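Chemist: Below are the structure tokens for one structure; questions will follow.
Each value in this text was obtained by applying a stated rule to the coordinates, not by laboratory testing. The model shown is predicted, which means the values in this text are computed figures rather than measured ones. Here the Cβ positions follow ideal geometry from the backbone for every residue, glycine too, while neighbour counts run over all protein chains shown.
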Amino acid sequence: MFKSKQPTKTALPLSASIIATGNTINGNISSEGDIRIDGTIKGNVFSKAKVLIGTEGMVEGTIHSREADISGNVCGNINCKELLHLKGNATVSGDIHTGKLLIEPSVSFNGQCQMGANIVELKSEMAAAVNE
């Protein structure tokens with residue numbers, strides 16, 4: 001007649017990690033969720049979700065993510081599996097490997113770009129092979 005209710009396991013939503021303006025991090029960052037960067041990172045950024053770089057944000061290193069919105073500065077390569085959106089007065093100095101790319105006219109980009117899902121998958125497999 002009465003059934004005991006077992007607690008159900010619910011996945012907690014991943015919240016965004018924020019590096020605020022005025023903060024500098026020296027070293028690599030890895031996250032399962034979104035990362036918002038308004039400060040400075042001197043190292044590589046790894047995210048299984050989305051990387052957002054605000055207008056005051058700066059990354060001196062490689063970015064690996066599923067998606068990315070960049071309005072600040074990146075000095076390094078960007079590897080994005082899905083959509084990379086460069087907007088506003090963003091400045092990128094480095095190579096881009098992405099599935100899809102959206103660049104606004106005011107963006108400054110200096111490097112090479114390779115697009116398409118096969119390019120990103122190939123680069124990921126090559127990186128994994130090198131690390132083994």
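Chemist: For the range 17-131, go through all pairs of different Cα atoms, get the mean of 1/r, take its inverse, and jot down that Kirkwood value in Å.
Modeler: Here the Kirkwood hydrodynamic radius works out to 13.7 Å.
Chemist: Here's something else I'd like to know. Once you place label points 7 Å from the Cα toward the Cβ at Asn23 and Asn110, how far apart are they in nm?
Modeler: For the pair Asn23/Asn110, the computed spacing is 3.0 nm.
Chemist: Residues of the range 30-70 with amide nitrogen under 17 Å from the 7 Å Cα-to-Cβ point of Leu102?
Modeler: Hits in the range 30-70 for Leu102 at 17 Å: 50-55, 66-70.
Chemist: A further question follows. For q values of 0.13, 0.19 Å⁻¹, compute log₁₀ I(q)/I(0) with the Debye formula on a Cα-only model of the range 28-95, without solvent.
Modeler: For the range 28-95 at q = 0.13, 0.19 Å⁻¹, log10 I(q)/I(0) is -0.26, -0.58.
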